[in-house]
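Written out below as structure tokens is the structure these notes cover.
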Amino acid sequence: QVQLVESGGGLVQPGGSLRLSCAASGRTFSVYGAMGWFRQAPGKERESVTATTWRGSTYYTDSVKGRFTASRDNAKNIMYLQMNSLKPEDTAVYYCAARRSEANSPDARLYDYWGQGTQVTVSS
């Protein structure tokens, strides 16, 4: 069974940057049709941030467009989320996820594998 582990979260000031990483063990990224990042703030539903298909199609939610960039290194089995110009409303637990389908769906219910999450807090 695939294992996904996020890292790179922490406390940053507004306007700062963080890079999150998601490492897979046991299997290679090539078995997934799409991988992405979700986030969940206390009392709110889990929301899609970005997703990328194996064939290169990428989706970003409007709230992060121009600030966040997703990438993945298939050789190293690591997915990244570069977050720039962070805002307090970006505060959440961030999760990486994967699914067999190649569709870049924003619906968290359609993803098959999840990491444990990493906390991102943006505050002065």
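Could you calculate the FRET efficiency of Lys44 with Val5 from 1/(1 + (r/R0)^6), where r is the beta carbon distance between them and R0 is 22 Å, rounded to 0.05?
It comes to 0.40.
Let me know the charge dipole size of the chain about its Cα centre in debye, to the nearest 20, where only the beta-carbon of Lys, Arg (+1) and Asp, Glu (-1) is charged.
Roughly 200 debye, rounded to the nearest 20.
Starting from the stretch 42-124, pick out the trypsin sites (Lys or Arg not before Pro) whose DSSP state is loop and whose Cβ has at most 14 other Cβ atoms within 10 Å.
Lys44, Arg55, Lys65, Lys76, Arg100
Can you give me the % of accessible surface on the stretch 66-108 that is carbon or sulfur? Probe 1.4 Å, all protein chains present, nothing else counted.
49
Leaving out ligands and nucleic acids, note down the accessible area per residue over the chain with a 1.4 angstrom probe, in whole Å².
Ligands and nucleic acids excluded, the result is 51 Å² per residue.
Spelling out what I want: for every residue of the stretch 57-65, take phi, set θ = phi - 60°, compute 6.51 cos²θ - 1.76 cosθ + 1.60 (Karplus), and round to whole Hz; glycine and proline get x.
With coefficients 6.51, -1.76 and 1.60, one gets 6, 10, 10, 10, 6, 4, 5, 10, 4 Hz.
Of Glu102, Glu45, Glu6, Glu89, which has the most accessible area and how do the rest follow, probe 1.4 Å?
Largest to smallest exposure gives the sequence Glu45, Glu89, Glu102, Glu6.
How far apart, in nanometres, would the label points at Glu89 and Gln116 be if each is projected 7 angstrom from Cα along the Cα-to-Cβ direction?
Simple spin-label model gives 3.1 nm for this pair.
Once you've got the GNM for the chain with C-alpha springs shorter than 10 Å, pick whichever of Leu20, Leu81, Leu11 has the biggest mean-square fluctuation.
Of Leu20, Leu81, Leu11, the Gaussian network model singles out Leu11 as fluctuating most.
The values are calculated or read from the model by the stated rules, or taken from the named source; none is laboratory data. This structure is a prediction, so every number in the text was calculated from the model and none was measured. Note that we place each Cβ from the backbone using ideal geometry, even for glycine, and neighbour counts take in every protein chain shown. Surface accessibility is based on the protein's heavy atoms, side chains included, excluding ligands, DNA and RNA. Shrake-Rupley method; radii C 1.70, N 1.55, O 1.52, S 1.80 Å.
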